[in-house]
1. Before we move on, is T120 closer than 20 Å to L10 by Cβ, hydroxyl-bearing (S, T, Y) and surrounded by fewer than 19 Cβ atoms within 10 Å (Cβ to Cβ)?
2. Only residues that are of a type outside the set (D, E, K, R) and more than 17 Å from Y110 (Cβ to Cβ): list them for segment 28-58, please.
3. Name the residue that is most open to solvent (accessible area, probe 1.4 Å), counting only residues in segment 13-33 that are assigned to a loop (DSSP other than H, G, I, E, B) and either within 19 Å of Y102 (Cβ to Cβ) or of a type outside the set (A, V, I, L, M, F, W, C) (or both).
4. I'm trying to understand the selection: among the residues of segment 84-104, which are buried (at least 17 other Cβ atoms within 10 Å of the Cβ) and hydroxyl-bearing (S, T, Y)?
5. Determine which single condition Q81 fails, assuming it passes every other condition in (1) open to solvent by less than 50 Å² (accessible area, probe 1.4 Å); (2) in a strand (DSSP E or B).
6. Hey, any hits in segment 50-66 for a residue that's surrounded by 15 or more Cβ atoms within 10 Å (Cβ to Cβ), touching a helix residue (DSSP H, G or I) at 6+ places or on another chain (Cβ under 7 Å) and modelled with pLDDT of 95 or more?
7. Taking the condition aromatic (F, W, Y) and either without any contact (Cβ under 8 Å) to a residue 12 or more places away in the chain or out of contact with any Phe, Trp or Tyr (no Cβ under 9 Å at 6 or more places or on another chain) (or both), does Y102 pass?
Amino acid sequence: VQLQVSGGGLVQAGGSLRISCAASGRPFSRYNMGWFRQAPGKDRQFVAAINRSGDSTSYVDSVKGRFTISRDNAKNVVYLQMNNLRPEDTAAYYCAASYRSYLVTGNSDYTYWGQGTLVTVSS
C-alpha cells in the first residue's frame, strides 16, 4: 500500500492542525494505522493508532486529550486532528500501516510508511 501524507505547516502554540494520510494500492481496511513523529535529533516515536474498523484507538500520553486519530475507510484516509498544539509537538509526522491484528506502537510493527510532513509550532 502507498501512503501519501499532507496537511503539515506552521501554527502558533494553542492552535490546531489536521494532517491526512491517503492510502492506495491495497484494501485500506486491512490495516491498522498509526501516526508517528520525529523531532530533530530524536528517534521516531509513536503518537497514535487506530484499528481497522476505527472503533479502537491508542495514544501516547503526551497527546491524550489534544490529538484525535480517525479514519474514513470509504475514502481510504486516516486523519490526525491536533488541538492545543505545543512547541514540543514540532516534528515531522509520518503515517504507517500495520498488518498486526491488534493496536501496536513500535516502529517495527508497521510495514508501510508515508513520507513525513513537517508540523512546526511556534511559541
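The values are calculated or read from the model by the stated rules, or taken from the named source; none is laboratory data. Since the model is a prediction, treat every value here as computed from it, not as a measurement. Cβ coordinates were reconstructed from backbone atoms using ideal geometry, including for glycine residues, and neighbour counts include every protein chain displayed. To get the accessible areas, we keep the full protein, side chains included, count just its heavy atoms, and leave off ligands, DNA and RNA. Shrake-Rupley method; radii C 1.70, N 1.55, O 1.52, S 1.80 Å.
1. Criteria met by T120.
2. Within segment 28-58, A39, P40, G41, S53, G54 meet the criteria.
3. R26
4. Within segment 84-104, T90, Y93, Y94, S98 meet the criteria.
5. Just one mismatch for Q81, condition (1).
6. yes
7. Criteria met by Y102.
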